[in-house]
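Contents: one structure, followed by commentary.
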Amino acid sequence: MATASFNMQTVFAGGTRKINTNNLFFAGNFPNLKRNFPVGVRCMAEGEPMKDESTPSTSAAQSLPKSSSPPPPPPPPTTPKVNTKFSDLLAFSGPAPERINGRLAMVGFVAALAVELSKGENVFAQISDDGVSWFLGTTAILTLASLVPLFQGITAESKSKGFMTSNAELWNGRFAMLGLVALAFTEFVKGGTLI
């Protein structure tokens, strides 16, 4: 066994060196299968080798207990534990940043259109006219409201049912982010309100 293992290790480590392959089974031992390098098979099994029932059994094979019961079923898959570490929640690919930014963009887009319709001010005028305090207050409230369930280990996907799924919330947030940027850009280029 040690000789075969040494030979197999030599085959894999040796590359194109010439190795004595008289006692090893290689594809190169057949005249129709010529190769430039030796190819071998290494057995990685643990324990005693299993014997066919048609061959006479040895004393080692007789000492193995025979079980007539089927093997136990595999355990059910476990759900991955939700990470509640602050740095992991707010990481670039974490669950919080895109959701929080999307929720803020949804509120901001609707608020910007509502103020524009009621007062006739564009987005830049809204920001300069006491808009920063409203932005900071809304940001703090929505960020805390979004982080509290995540710290408790509750994901948005676990509460996703029916029409308003977590995936729909992500897409609505993405569109709101694009809409808010498009609204500000259009008003900047136009030089006035959109409506």
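The values are calculated or read from the model by the stated rules, or taken from the named source; none is laboratory data. No experiment lies behind these values; they were computed from the predicted model shown. Here the Cβ is made from the backbone with ideal geometry for all residues, glycine too, and neighbour counts use every protein chain on show. Note: areas computed on protein heavy atoms with side chains; ligands, DNA, RNA excluded. Shrake-Rupley method; radii C 1.70, N 1.55, O 1.52, S 1.80 Å.
In region 153-195, which residue that is basic (K, R) and farther than 17 Å from P95 by Cβ is least open to solvent (accessible area, probe 1.4 Å)? Don't jump to the end; show me each part of the working.
Step one: filter region 153-195 for residues basic (K, R), giving 159, 161, 174, 190.
Checking the rest, the ones that are also farther than 17 Å from P95 by Cβ come to 161, 190.
Values: K161: 157, K190: 125 Å².
This residue is K190.
I need the full set of residues from region 150-178 which are among the β-branched types (V, I, T) and touching a Pro at 6+ places or on another chain (Cβ under 7 Å), in order please. Break it down into steps so the answer makes sense when it comes.
Our first condition is that a residue be among the β-branched types (V, I, T); within region 150-178, this holds for 154-155, 165.
Correct list: T155 only.
I need the full set of residues from region 106-126 which are open to solvent by 90 Å² or more (accessible area, probe 1.4 Å) and touching a Phe, Trp or Tyr at 6+ places or on another chain (Cβ under 9 Å), in order please.
Scanning region 106-126 gives a single hit, F124.
What are the residue pairs meeting all of these: first residue in region 173-195, first residue free of Cβ contacts under 8 Å to residues at least 60 places away in the same chain, second residue open to solvent by 40 Å² or more (accessible area, probe 1.4 Å), Cβ atoms under 6 Å, and 6 or more apart or on different chains?
Listed by first residue and then by second, the contacts come to T186/L194.
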